[in-house]
1. Taking the options 155, 190, name whichever one is on the phi < 0 side of the Ramachandran plot, touching a strand residue (DSSP E or B) at 6+ places or on another chain (Cβ under 7 Å) and either in the same structural domain as residue 355 (by TED's automatic domain parsing) or not in a loop (DSSP other than H, G, I, E, B) (or both).
2. Say we look at region 147-177 and pick out the residues that are under 22 Å from residue 39 (Cβ atoms) and out of contact with any helix residue (DSSP H, G or I) (no Cβ under 9 Å at 6 or more places or on another chain); which of these is surrounded by the fewest Cβ atoms within 10 Å (Cβ to Cβ)?
3. Return yes when residue 143 is under 23 Å from residue 363 (Cα atoms), at pLDDT 95 or above and not in a strand (DSSP E or B) and no when it is not.
4. Can you find, within region 87-102, the residue that is farthest from residue 143 (Cα to Cα) among those that are at pLDDT below 95 and not in a loop (DSSP other than H, G, I, E, B)?
5. Please determine whether any residue of region 215-231 is under 20 Å from residue 76 (Cβ atoms), in a helix (DSSP H, G or I) and at pLDDT 95 or above.
6. Can you tell me which of 375, 332 is buried (at least 17 other Cβ atoms within 10 Å of the Cβ), in contact (Cβ under 8 Å) with a residue 60 or more places away in the chain and either in the same structural domain as residue 62 (by TED's automatic domain parsing) or not in a strand (DSSP E or B) (or both)?
7. What number goes with the only condition from (1) closer than 18 Å to residue 103 by Cβ; (2) in contact with a helix residue (DSSP H, G or I) (Cβ under 8 Å, 6 or more places away or on another chain); (3) modelled with pLDDT of 95 or more that residue 203 does not pass?
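The values are calculated or read from the model by the stated rules, or taken from the named source; none is laboratory data. Because the structure is predicted, anything quoted here is derived from the model rather than measured. Glycine also receives a Cβ, built like all others from the backbone with ideal geometry; neighbour counts cover every protein chain displayed.
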């Protein structure tokens, strides 16, 4: 067989397909399979959004190529949305529309760093972020988090050397759910500005902060866009359209032409029917999104209460889509725990090591289920407690 790219071969594989394969071995004895491993909304888009997606998909205009950096109407509306949320002077010239937030991240990393450079990423990290860096020959330099899985700027600064080009923060965090306070984000931005590196702020789950909370940070309050900030976002989660792959990237205007080079080589333009529908939906569906935010907040409280009632389990971070929990099975491998949960109890979750985390932790993606799914999680974990010796032996 001809030679393959060794850097790609050495890149780890995404863990979700393996967990889903274990779930297919579950025999249904405790009820339906419960998917807690992949971060997708448990609800469909509203009917009005589906109608507009269908209408746009049937148009000749949406079948043609669009502008590389996104349709002008969506860039304008999204820039106005950012101004309304943060203040400041964001314009369409700061915005690029991407095929989901993963593409936004990939494009940003290609623009900021090259082979042999390094990017600081707090651990536990989102596995696709690390995979992207590995494929590009960029070191993913792990920053262990402090209490509550919050990263510390002082610890980050100790990792900065001449190879570091950026720090990546995800808030609300994937995988932990931890929400970074505005003052912590400001300290990281000041550190990056002082050391001459970029801050990449992934706000995929921004619309699922607790209701009534103000702007997630104050970095965009000035008229000029911060010269070292790239902000990433996902329409896929907020509008429940992950299959349509739509995200956004906002950055200094001078960077946009360089980002466009990468985007032109990857996809040319993002999904055009979705762009048309979201252009309408940013304002028209504001109340719908706020209602979904409230639903997710209720689920956060339900998950917290469920684990309080479960002996031995401990929630160590919680928010938006995720709970990051410590399991009670001693030295048992987190991979063994999640395999047992999937095959024997129909609960699919992800192990901490999938995120460069510890063997003691699991990620629970509770946005995938309604409140009855949270109840099923609690009920089945009570049954698992009776099997402690089996899991301890596996460890």
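1. It is 155.
2. Looking at residues that are under 22 Å from residue 39 (Cβ atoms) and out of contact with any helix residue (DSSP H, G or I) (no Cβ under 9 Å at 6 or more places or on another chain), I get 148.
3. For residue 143, the condition - under 23 Å from residue 363 (Cα atoms), at pLDDT 95 or above and not in a strand (DSSP E or B) - is not met.
4. Only one residue fits best here, namely 100.
5. No; the residues of region 215-231 include none that is under 20 Å from residue 76 (Cβ atoms), in a helix (DSSP H, G or I) and at pLDDT 95 or above.
6. So the residue among 375, 332 that is buried (at least 17 other Cβ atoms within 10 Å of the Cβ), in contact (Cβ under 8 Å) with a residue 60 or more places away in the chain and either in the same structural domain as residue 62 (by TED's automatic domain parsing) or not in a strand (DSSP E or B) (or both) is 332.
7. Of the numbered conditions (1) closer than 18 Å to residue 103 by Cβ; (2) in contact with a helix residue (DSSP H, G or I) (Cβ under 8 Å, 6 or more places away or on another chain); (3) modelled with pLDDT of 95 or more, the odd one out for residue 203 is (2).
Residues checked against (1) more than 25 Å from residue 367 (Cβ to Cβ); (2) within 22 Å of the chain's Cα centre (by Cα); (3) loosely packed, with under 14 Cβ neighbours inside 10 Å:
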| residue | (1), (2), (3) |
| --- | --- |
| 7 | yes, no, yes |
| 17 | no, yes, yes |
| 22 | no, no, no |
| 80 | yes, no, no |
| 88 | yes, no, no |
| 94 | yes, yes, no |
| 101 | no, yes, no |
| 105 | no, yes, no |
